[in-house]
1. Using θ = phi - 60° and the Karplus curve 6.51 cos²θ - 1.76 cosθ + 1.60, what whole-Hz ³J(HN,Hα) does each residue of segment 58-72 get, with Gly and Pro shown as x?
2. Using the alpha carbon gyration tensor of segment 51-147, what are the three equivalent-ellipsoid semi-axes (square root of 5 times each eigenvalue), largest first, in whole Å?
3. Using a 1.4 angstrom probe on the protein heavy atoms only, could you order Asp64, Asp71 from most to least accessible area?
Amino acid sequence: MKRGRGSRKKSEVLVMAESVPFKQEDGKKTKGKSRRVTRIKMIVIDNLQAKTIDNQVSANIDKDAETDSDDSTSYTNLSKLIAEHRPKVIPKELIGTALPWVHIATGNAKRVLPDISHDIKPEYLQNYLNESCYKFNRRYFGEQQFERGLVASVAYKNEFRYHIR
């Protein structure tokens, strides 16, 4: 059985991280950190074909966006869909530094999800990823987090009840 990317047991997940220039309170840019992440989104996809990626990018990313990515063949059409696409060949030793927030978000999800459930069925994976993104995107809410979570849980119409067998 193959391990790693392309394994039969693994699901493909498209991870998108929105970032803005990192500035100090006085409005000046800081040295070292050039960008800070504001939101992430993770979507379970059927395959890594360019058509599948293009559909998700069209639905989730603004046409005026500037995008950094690795140099995968799945991203060949992105320059036609958004304002600027900057693909980079990333050497193994620089993987964590090239797209840091994508790797931090996926690492956090991979660490937390097995603690919740030892074996997550593919049909429920998107729900777990949504929860992980929800927590990540609201990490600075502080004391408002409980109230916001309560409102979101009451207002959310889940699809879970339709998958019960």
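The values are calculated or read from the model by the stated rules, or taken from the named source; none is laboratory data. Everything numeric here is computed off the predicted structure, so don't read it as measured data. Accessible surface areas use protein heavy atoms only, side chains included; no ligands, DNA or RNA. Shrake-Rupley method; radii C 1.70, N 1.55, O 1.52, S 1.80 Å.
1. Result, rounded to whole Hz: 4, 7, 10, 10, 5, 5, 8, 6, 10, 10, 10, 7, 6, 9, 6.
2. Numbers: eigenvalues 148, 61, 51 Å².
For segment 51-147, the semi-axes come out at 27, 18, 16 Å.
3. Working: Asp64 120, Asp71 90 Å².
Result of the area sort, largest leading: Asp64, Asp71.
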